1. Going through Lys99, Lys14 one at a time, which residue ends up being over 15 Å from the mean Cα position of the chain (by Cα), charged (D, E, K, R) and modelled with pLDDT under 90?
2. Anything in segment 25-62 that is more than 18 Å from Arg85 (Cβ to Cβ) and assigned to a helix (DSSP H, G or I)? List them, or say none.
Amino acid sequence: MNEMQALMGLQVLKYLDENISKREKITALYRQRLKDIPGLRLVSALPPDMKYNYGYFPVEVDEKEFGMSRDALYEKLKEYNVFSRRYFYPSLLIMPATKVFQ
């Protein structure tokens, strides 16, 4: 990190709690609206003593049950200016390093 990046970090640090609180509310709304959609699994296994920053909202997509693949959903969301991320792309399941665990 250079000096300019450090300065920017210090300037936004005063808004950290406010930003986390806003993201927590957005996460609660997502959970409420998405909880009953077949084929979407909302990842929620967090240790009770963890202070989470709500920077990510991971969702697992079951293609057969949801009726659309993760990648198709990713593309569809972009049409509505919702820019999601495909974490672990390519999928960890097809990477050589993880084959030993399968």
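The values are calculated or read from the model by the stated rules, or taken from the named source; none is laboratory data. Because the structure is predicted, anything quoted here is derived from the model rather than measured. For neighbour counting, all protein chains shown are included, and Cβ atoms are generated from backbone atoms with ideal geometry for every residue, glycine included. Each accessible area value is taken on the protein alone, full model and side chains, heavy atoms only, with ligands, DNA and RNA left out. Shrake-Rupley method; radii C 1.70, N 1.55, O 1.52, S 1.80 Å.
1. Testing whether each residue is over 15 Å from the mean Cα position of the chain (by Cα), charged (D, E, K, R) and modelled with pLDDT under 90 leaves just Lys99.
2. Hits for segment 25-62 are Lys25, Ala28, Leu29, Arg31, Gln32, Arg33.
Let's see how each residue does on (1) open to solvent by 60 Å² or more (accessible area, probe 1.4 Å); (2) out of contact with any Phe, Trp or Tyr (no Cβ under 9 Å at 6 or more places or on another chain):
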position: Ile26; (1), (2): yes, no
position: Tyr30; (1), (2): yes, no
position: Arg33; (1), (2): yes, yes
position: Asp36; (1), (2): yes, yes
position: Ser44; (1), (2): yes, yes
position: Pro47; (1), (2): yes, yes
position: Met50; (1), (2): yes, yes
position: Gly55; (1), (2): no, yes
position: Asp62; (1), (2): yes, yes
